[in-house]
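The values are calculated or read from the model by the stated rules, or taken from the named source; none is laboratory data. Source: prediction; values computed, not measured. Cβ placement follows ideal geometry from the backbone for every residue including glycine, while neighbour counts extend to all protein chains displayed. Ligands, DNA and RNA are excluded from the accessible area calculation, which covers all protein heavy atoms including side chains. Shrake-Rupley method; radii C 1.70, N 1.55, O 1.52, S 1.80 Å.
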Amino acid sequence: MWKAIKRWWAYLGAKVNSVFNEKADPKVQLEQAITEAQEQHRRLKEQAANVIANQKQNEMRLDATLAELEKLNRNAQQAVLMADEAAKRGDAAKAAEYTSAAEAFANQLISKEKEVENLKAMSLQATQAAEQAKNAVQQNSRVLQQKLAEKQKLLGQLDQAKMQEQMNKAMATLSEQVGEDVPTLDEVREKIETRYAKAKGMAELQDMSVESKMLEVEQASINVEAQARLSEIRSKLGIDEAEAPAAEAAPAEAPATAQEPSPGS
């Protein structure tokens, strides 16, 4: 039972993530990713700054301790010299006092030398850690710059994808119905072709109708009357009927002949 509940819960989580990723704006998600990368880089720089600060503090402590060590060394040497001079003068009390002071300086000197060695080791470790931190910051900075460049590239691709989607949508409206009141181009073409075909059919039917034949007969009668009138006109002008067909056969040449100048002109 518990296993089934866990599987169902995992399924719901995956389903929610799937719906979120489907609905989420890629541009916003890209901005979130870049912002997170920049925030990580900022935290890394802060950590590196702390490491470098620790290394600087160790260096300052080491320098101060080395200065104290040098001072103790000088004091110990001076105490030994003064004890030796007092012994030469025969002042045993002073010689003993200076010898005790020299021993005290020597003890401090030994302790300070150990402290210097520890500080040197700590400073070496701090220096190595600081160099690693600097390298990490530089490497992460390069990665961040690459991500920023990749961001610009992805934004460009996203804009191109949106433009292509709009073009695809616009082209789809030419062949797909986008609404009940909006006809497609194919539908309009089919409607026009149907009307054109119907008009052609009606024209053919008109050509085959009785009225059409009657018009042809009437036109033929008019042509016969026109020929008779032309024959009458030719007869009055003294033109033979045998010459008329030749003149009618080449009507286009007559104007050209009329334009040619006569030999006597």
Mind telling me which of the residues Leu81, Leu69 ends up being part of a helix (DSSP H, G or I), within 30 Å of Lys120 (Cβ to Cβ), open to solvent by less than 80 Å² (accessible area, probe 1.4 Å) and out of contact with any Gly (no Cβ under 7 Å at 6 or more places or on another chain)? Leu69
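For every residue, the table says whether it meets (1) under 30 Å from Leu72 (Cα atoms); (2) modelled with pLDDT of 90 or more; (3) open to solvent by less than 80 Å² (accessible area, probe 1.4 Å); (4) not charged (D, E, K, R).
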{"position": "Ala121", "(1), (2), (3), (4)": "yes, yes, yes, yes"}
{"position": "Gln125", "(1), (2), (3), (4)": "yes, yes, no, yes"}
{"position": "Glu131", "(1), (2), (3), (4)": "no, yes, no, no"}
{"position": "Ser141", "(1), (2), (3), (4)": "no, no, yes, yes"}
Which one of these does Lys45 not meet: (1) open to solvent by 40 Å² or more (accessible area, probe 1.4 Å); (2) farther than 30 Å from Leu148 by Cα? (2)
